[in-house]
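Take a look at the structure set out below.
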Amino acid sequence: MDRVTWRTQVLSNHLNQPSMSSPLSPNPCVGFSPPELSEPFEFDTKEMRKLLDAHNLEDRDWLFGLMKQSKPFNPREAGGRVFVSPDYNQSMEQQREMTMKRIAYLLDRGVFEGWLTEKGVEAELRKLALHEVIGIYDHSLSVKLGVHFFLWGGAIQFFGTKRHHDKWLRDTENYTIKGCFAMSELGHGSNVRGIETVTTYDSNTGEFVINTPCESAQKYWIGGAANHATHTIVFSQLNISGKNHGVHAFIAQIRDANGNICPNIRIADCGHKIGLNGVDNGRIWFDNVRIPRENLLNSVADVSPDGQYLSAIKDPDQRFAAFLAPLTSGRVTIAVGAIYSSQISLAIAIRYSLTRRAFSVTPKGPEVLLLDYPSHQQRLLPLLAKTYAMSFAANHLKMIYVKRTPELSKTIHVVSSAFKATLTWHNMRTLQECREACGGQGLKTENRIGPLKGEYDVQSTFEGDNNVLMQQVSKALLAEYIAAQKRSKPFKALGLEHMNKPCPVIPSQLTSSTLQSSQFQMDAFCLRERDLLNRFAMEVSERQKQGESKEYSVILSYQLAQDLGRAFSDRTILQALLDAEAGVPSGSLKNVLAMLRSMYALICLEEDPAFLRFGYLSTDNVAAVRKEVSRLCGELRPHALALVSSFGIPDAFLSPIAFNWIDANSWSSVQH
């Protein structure tokens, strides 16, 4: 039989088989059931939200409502619900245009009223609260506003004097002028002291002359510069009669009121980015641009009409540190924004995992909810506990910032540096885990988590590279250590008071009750920080004895510096969580906070190799910690929905897979 005849016979046999009932019966279609029907809340989520948001809840909810019902914020229907989020399918130019339209809309409705012209803690907290809500909607929008109000406006507030406040702040608040902040250069980012832009003083005309002397001195990544900004703060070396007085800040106009670029200014676009395409980052060259003498921001230093350099701060290092003050506000808002991003992704991923099922554990049993798998709990619930702990830490940072005094400046610098690095790293890890935990749905732009990764990735490097910031933290701790040793006096700053007490002792065997004890948890964190600080100081000292400079000795000891920065940050975050827990009366809310605190502390113990590397925990104790983390996942599982609901993020600011993802993907939704 030839092959053609054989194939014809086989096909004929298949087609002519007698009909018979299939041994497989179809399963009923997968359905959606709201998790609220099966996940009762055992604590008051409204009270928990008050703890998490901490201030200005009514203002936050007002702005949420304003954006939710406004066409510029791109409302769309999916699964019977309305969602608002930017359209990331738009071109870069369209996204930038929409950012400005949204700013105009918010301006017309008084959102920015008092952001620069009102003083006091209440006004500052309201501004921060509204800025946080805007960030929950769109990171591009919050960054664009952050550059205008916190960097440009903040520089005028901090570096300027009354003449600058009177001339610029009101016009900034009402967007008569649009400001940007020209610090970073092509050749210098984190190393601000090394920037190459040069400003000289011309005593014949009473003007400063700003110049970009080489290509590496071009101002780079300047938010707002490419399209919209009319003015900028220029950070530049100040040269008077051939003497360099270091970095100073000047006001320069770069566009007229009609948007035309000013003479002797060149501007180019930085181009398309992996995220934040609603922000028009640009590059600026200054070709001997002349500005009035009064445009020097002179709260730290001034130049007289005849060219005399005047400053009450004689130490150049202290003077330079004073010029970095606006970056503190940037680090505060970045750290806080990172945690709200983590909240969004966890709320979406956990809600999805409470309605999405996969596989059966019995032959004919129902498929299992994703969050009922211990492995899925281990992926998401420790991150949830960390997000809670870091939310309280972010509130702590905000409060010391808005109540700042000169005495607190060092603490604010160190804590903001540590938290900016730790919280943004945590956010990127959380976004990636939540993306994966949502499977293919996590890839869809409409489900938010994917775009958030691109939008927030920049946080690891702008306003200070995270690794550099962590080394700054360790250097500050080292300075405290050396000062305490020289004075033979106790530690009294940066939370290092625990160094004055006897060294904590970790029990040789750790029971579940010990592991959940706040005393044990803080002892373990303090032991690590104490020992790492001692080791870091000793290693730097040994390198100096071998002839290395102090600066290079610190650089060579980078491994201990990174470990120490992490230890400081973890301990400060744990203290913030303990303080929040202590303020809550006994009851279900306090019990859940205790669970979250234990999970946060123990996952830090499990994840940091330093506890094993330096012998703070034995291998048996590390195994006990790991076992307890798994057990805590099971304890937190019944509270998962309540915990993400406590974030208080309105449904419209989440995504379709957080709710009825079947309806949202139905054929009728395609036709609609």
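Quick notes
- Once the Cα gyration tensor of the stretch 263-354 is diagonalised, semi-axes √(5λ) in Å: 41, 23, 8
- Panel note: the C-alpha atoms of the stretch 409-524, placed on their principal axes, show extents of 59, 41, 18 Å (largest first).
- Positive-end ranking of N281, L130, V629 along the dipole of the chain, with charges on Cβ about the Cα centre, is headed by V629.
- Peptide ranges 103-110, 463-470, 255-262 listed from the most packed, as the mean C-beta count within 10 angstrom indicates: 463-470, 103-110, 255-262
- Positive-end residue, the stretch 210-279 charge dipole about Cα centroid, Cβ charges, pick of L238, P263, S216: L238
- Here the stretch 503-561 and the stretch 286-360 have alpha carbon centers that stand 30 Å from each other.
- Rg [Å, one decimal], Dmax [Å, integer] - the stretch 139-215, C-alpha atoms: 14.9, 46
- The chain, accessible area per residue, ligands and nucleic acids excluded (1.4 Å, Å²): 44
- Three-way shape label, the stretch 54-126, alpha-carbon gyration tensor, a/c 1.5: oblate
- Over the stretch 576-672, the alpha carbon radius of gyration divided by the compact-protein estimate 2.2 N^0.38 Å works out to 1.56.
- Protection proxy ranking of 405-418, 115-128, by the mean of other Cβ atoms within 10 Å over each peptide's residues and highest first, is 405-418, 115-128.
- Entry note, the chain: the mean residue ellipticity at 222 nm calculated from DSSP H runs of n ≥ 4, each adding -39500 (n - 2.57), is -16000 deg cm²/dmol after division by the residues and rounding to the nearest 500.
- For the residue pairs K46/K410; K453/K590; K46/K127; K219/K550; K178/K219; K364/K444, the C-alpha atoms sit more than 28 angstrom apart in K46/K410; K453/K590; K219/K550; K364/K444.
- Of the residues L66, V198, L589, the one whose Cα sits farthest towards the positive end of the charge dipole of the chain is L589 (charges of +1 on Lys and Arg Cβ, -1 on Asp and Glu Cβ, taken about the Cα centre).
- Over all distinct Cα-Cα pairs of the stretch 422-462, the Kirkwood formula returns a hydrodynamic radius of 10.3 Å.
- Peptides 358-366, 374-382, 473-481, 299-307 ranked from most to least packed by the mean count of surrounding Cβ atoms within 10 Å: 473-481, 374-382, 299-307, 358-366.
- For the pair the stretch 440-483 and the stretch 385-411, the centres of their Cα atoms are 17 angstrom apart.
- Rounded to the nearest 20 debye, dipole of the chain from Cβ charges on Lys, Arg, Asp, Glu: 480
- Using a probe radius of 1.4 angstrom, the carbon and sulfur fraction of the accessible surface of the stretch 576-672 is 54%.
- Surface accessible to a 1.4 Å probe, H231 within the full protein complex, Å²: 20
- Interchain or long-range residues, amide H under 5 Å from E207's placed H: D202
- Sequence-ordered 3J(HN,Hα) estimates for the stretch 386-400 from the Karplus curve with 6.51, -1.76 and 1.60 and θ = phi - 60° stand at 4, 5, 4, 4, 6, 5, 5, 5, 4, 5, 4, 4, 4, 5, 6 Hz, glycine and proline given as x.
- Taking θ as phi - 60° and the Karplus parameters 6.51, -1.76 and 1.60, the scalar couplings of the stretch 83-92 work out to 10, 10, 6, x, 8, 6, 7, 6, 5, 4 Hz in sequence order, x denoting glycine and proline.
- Counting only residues at least eight positions apart within a chain, or on another chain, the aspartates and glutamates with an alpha carbon under 12 Å from that of K167 are E294.
- Taking only protein heavy atoms and a 1.4 Å probe, the accessible area of the stretch 178-305 is 45% carbon and sulfur.
- Phi-derived couplings, Karplus 6.51 cos²θ - 1.76 cosθ + 1.60 at θ = phi - 60°, listed residue by residue for the stretch 35-48: x, 4, 6, 10, 10, x, 8, 9, 8, 7, 5, 5, 5, 5 Hz, with x used for Gly and Pro.
- Of interest is the spacing of the C-alpha centroids, which for the stretch 152-183 and the stretch 52-83 amounts to 30 Å.
- The stretch 314-391, accessible surface, carbon-and-sulfur percent (1.4 angstrom probe): 59
- Label-point gap, in nm, between E607 and Q378 - each point 7 angstrom along Cα→Cβ: 1.5
The values are calculated or read from the model by the stated rules, or taken from the named source; none is laboratory data. In this text the structure is predicted, and so the values were computed from the model without any measurement. Note that we place each Cβ from the backbone using ideal geometry, even for glycine, and neighbour counts take in every protein chain shown. For the accessible areas, the whole protein counts, side chains as well, though only heavy atoms, and no ligand, DNA or RNA atoms are used. Shrake-Rupley method; radii C 1.70, N 1.55, O 1.52, S 1.80 Å.
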